[in-house]
1. Does segment 61-113 hold any residues that are of a type in the set (D, E, K, R) and either under 25 Å from the mean Cα position of the chain (by Cα) or farther than 23 Å from THR576 by Cα (or both), and which are they?
2. Restricting to segment 418-443, count the residues that are under 31 Å from the mean Cα position of the chain (by Cα) and farther than 22 Å from ILE325 by Cβ.
3. Whether any residue in segment 136-156 is farther than 19 Å from GLU45 by Cα, in contact with a Pro (Cβ under 9 Å, 6 or more places away or on another chain) and in the same structural domain as ARG182 (by TED's automatic domain parsing) is what I want to check.
4. Picking from SER246, SER214, which residue would you name as being farther than 16 Å from GLU331 by Cβ and surrounded by 15 or more Cβ atoms within 10 Å (Cβ to Cβ)?
5. Counting only residues that are assigned to a loop (DSSP other than H, G, I, E, B) and either acidic (Asp, Glu) or surrounded by 17 or more Cβ atoms within 10 Å (Cβ to Cβ) (or both), which one in segment 126-144 is farthest from the chain's Cα centre (by Cα)?
6. Would you confirm whether any residue within segment 398-409 is at pLDDT 90 or above, not aliphatic (A, V, I, L, M) and not assigned by TED's automatic domain parsing to the domain that holds LYS504?
7. What helices (runs of 4 or more DSSP H), lying completely within segment 220-337, carry at least 3 residues that are more than 27 Å from ALA195 (Cα to Cα)?
8. Exactly one of these conditions fails for VAL159: (1) within 21 Å of LEU50 (Cβ to Cβ); (2) surrounded by fewer than 16 Cβ atoms within 10 Å (Cβ to Cβ). Give me its number.
Amino acid sequence: MSPSTVLTSDNATHDRALDTLKKIFGFDSFRGAQREIVDTIVRGEDALVLMPTGGGKSLCYQLPALLRDGVAIVVSPLIALMQDQVDALNELGIAASFLNSSQTQSRAREVELALQANEIKLLYVAPERLNTAYFLSVLDRLYERNAVALFAIDEAHCVSQWGHDFRSDYLELTLLHTRYPRVPRIALTATADEATRAEIRSKLQLEDAAQFVSSFDRPNIHYAVVDRADERSQLTDFLEMHSQESGIIYCISRSKVDDTASWLRSKGYNALPYHAGLDATTRSDHQSRFLREDAIIMVATIAFGMGIDKPDVRFVAHLDLPKSIEGYYQETGRAGRDGEPAHAWMMYALGDVVKQLRFIDESEAGDTFKRLQRSRLDRLLALAETTSCRRAVLLDYFGEAQAADYACMNCDNCNDPPETWDATKPAQMLLSAAVRTGQYFGAAHLIDVLRGSKNEKVVARGHDALPVHGIGAEIDETTWRAIVRQLIALGAAVSDPNAYGAIKLTEVARPILRGERSLIMRRVISKADRRGANLRTRSALIKKSRAKESESLLDAAASRRLAALKTWRIEQAHATNVPAFVVFSDATLRAIAVAAPTDSEALLQVSGVGQAKLARYGDDILGLVKDLV
């Protein structure tokens, strides 16, 4: 640590941090644990930070970078987004740059020379670049001069070999601790269950680091899960709630991404595909358009999204079941970063469960990994099939247990409680049918037997002569499939991907068959009821949105100012080739529209307006507001 970095007291550290927070970033106060995290890093200590998307993670290393001597090295796997992150810092008057494979050799050399000349405060690098002998030699020279302020390891969950965002180069980042012991490290992630947290601490040698875990609750996001019946019709109904708004639609395969994006464009939506099968130029162009333009729908595999900073994503839709609650939370967390109402909507069917189980069993991982992945999938199924508050189930997964009667009133189950029914006898029928057919057959065959089908497969196997044949004829196929899903979610049955989805019983099934346990299940709703539920959800979201707007006190004059400010922002963004939110956020523009500042001092009091933004845009904004007062 450089001697000049050590301050006289924690109070002095905090005063300096608060002053910098206001002067550079334009904020009057810290949020949540930001103050404690910043103080920890400025003191030269390590930290592990788990904070939800939109919670202000970046500030936790950007501010200490300005308060300590030297350059902050930010390790990020997101090469395609580094330019936007650097642009946002440059807009604040902070000297920031990046080094990655997208640059020419001459440009990379310019950055390295600026680095050696102490002209850069934050440098973003990919882990692949940091781990090279050449870059480490550059760091060695900086370290010898006490010119490295800190190491920030963003998206730290990438170190987890049991996660879907694993990056092998992250495993090498332990060298930061051994090679540069005087430099504090901060590892950050928006999502990690306890197993992943333990792996981060171990793999990055952060066992002694201060740990800061913020609440995982995203109260502005409305969660909803629907049974897949008519996928495209259901998707169209959902998108009607988000006309002319930006969103992300996740699909399990590249072909489905392409087909869905093409179909949406034929319906008039501005939809773009994104997956690893597209060439790098196309992926970069589509990502850039999504960040810079309004009302873009990105249809993607999970290859898209990590680190996306677009604040006004109004919805995230899953057309297929994710791999885990952790993945679901991370992906849905890309909606509503601005704190405004947003929607996380997912549809799934029994086939999704079979696919995910097949992916797990066909992976080359060991048995321990497979057991963990199955457990994570079970927890996700419990979320999908619950009849209680979805937010409570989600938060419980991350260790935030809620009261038994907890109701968030911002999920489909709370806003429109599902109809339930006693499915004990049908569940016994299904389990009995599985036993009597040897537990060798999947849901479709068992349903045919229960409904009394005389099709070729049923007759050929003699299953039309079984006592269970036809005993469930009065129950429709859709309801039977829901029963199978919910039995799997309860852990009473499993779908064996190695036996073509054969339904097999577990120990949990025993008390059900004996009549010692009753099952109250969610009733499948009709197409008309689904549309009604969508309308009720739309009404709930509109109410929340209007409540937000009323809080901002936008009268007619303020509304005109806000519209003019947004038009001006778009022009500025186009002129400098940056996303509009990099110039100013919606919240800051709204605050300016309401306050109608008449001089620089008043404008500087608006949250989000710092000295650099004032110097760059102050005259334009004050002139625009003056004309509309």
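The values are calculated or read from the model by the stated rules, or taken from the named source; none is laboratory data. All values reported here derive from a predicted model rather than from experimental measurement. Glycine also receives a Cβ, built like all others from the backbone with ideal geometry; neighbour counts cover every protein chain displayed.
1. ARG68, ASP69, ASP84, ASP87, ARG109, GLU112
2. 2
3. yes
4. Just a single option satisfies the conditions, and that option is SER214.
5. The qualifying residue farthest from the chain's Cα centre (by Cα) is ASN131.
6. Looking through segment 398-409, at least one residue is at pLDDT 90 or above, not aliphatic (A, V, I, L, M) and not assigned by TED's automatic domain parsing to the domain that holds LYS504.
7. 231-239, 254-266, 280-292
8. Every listed condition holds for VAL159 apart from (2).
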